[in-house]
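These notes are about the structure you will find just below.
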Protein chains: 2
Amino acid sequence: MVKLVALYKKPADIAAFDKHYQEIHTPLAKKMPGLRKLEVCRFTGSPGGEATFHLMAEMYFDNAEAMKAALSSPEGKAAGKDVMSFAGDLIHMMFAEIDG
Amino acid sequence: MVKLVALYKKPADIAAFDKHYQEIHTPLAKKMPGLRKLEVCRFTGSPGGEATFHLMAEMYFDNAEAMKAALSSPEGKAAGKDVMSFAGDLIHMMFAEIDG
């Protein structure tokens, strides 16, 4: 299984970010074909104090081909366009393979 | 549910890192009391090309108290001491709450 990991740095306006993320972005992301699971977590801190990131979304797919197909689908493009509109300067995306 | 997220930057010697991580560190981390799930993933790239991070480990616990107790247990301290010995300059740890 593979996943698309989206790490978001702390936004200046956390309330506005969270509202857009939950009400607009999450429903768009969930429409991606082949998405097996979406797990979103909020960072609450780190052993050193504050966390560098605000939020992480992990989108699971069966394999790399399914992930690629989802991202280039109309639904994937719509989710990507939306994320760039409100978090283009905050997001860091990576592809990952799950061990085991 | 909460999780401890450990992000590792790319090590200079990937083979040596992976060997220590799999053979020494993972068994130590798995001994932590209260650990509900451990998910490890390897980053294979990013939309922009190379991924900034090499690996991510997510350790799930029932709640913040259980996570804190695990980290301060002898098993948690042993895992922490080990990670500092081979990846102290690579690791970035954060606490997170899972949405939904």
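The values are calculated or read from the model by the stated rules, or taken from the named source; none is laboratory data. Please read these numbers as outputs of a predicted model, since none were measured by experiment. With ideal geometry, Cβ positions are generated from the backbone for all residues, glycine too; neighbour counts draw on all protein chains shown. The accessibility values were calculated without ligands, DNA or RNA, using every heavy atom of the protein model including side chains. Shrake-Rupley method; radii C 1.70, N 1.55, O 1.52, S 1.80 Å.
Filtering region B:11-54 to residues that are surrounded by fewer than 14 Cβ atoms within 10 Å (Cβ to Cβ), acidic (Asp, Glu) and outside any helix (DSSP H, G or I) leaves B:Asp13, B:Glu50.
From B:Asp82, B:Asp99, B:Asp62, which residue is without any contact (Cβ under 8 Å) to a residue 24 or more places away in the chain, open to solvent by 10 Å² or more (accessible area, probe 1.4 Å) and among the acidic types (Asp, Glu)? Give the steps one after another, and end with the answer.
Values: B:Asp82 fails: without any contact (Cβ under 8 Å) to a residue 24 or more places away in the chain; B:Asp62 fails: without any contact (Cβ under 8 Å) to a residue 24 or more places away in the chain.
Result: B:Asp99 is the single residue among B:Asp82, B:Asp99, B:Asp62 that is without any contact (Cβ under 8 Å) to a residue 24 or more places away in the chain, open to solvent by 10 Å² or more (accessible area, probe 1.4 Å) and among the acidic types (Asp, Glu).
The single residue among B:Leu90, B:Leu71 that is more than 17 Å from A:Ala96 (Cα to Cα), within 13 Å of another protein chain (Cβ to nearest Cβ), buried (at least 18 other Cβ atoms within 10 Å of the Cβ) and touching a residue at least 40 places away in the same chain (Cβ under 8 Å) turns out to be B:Leu71.
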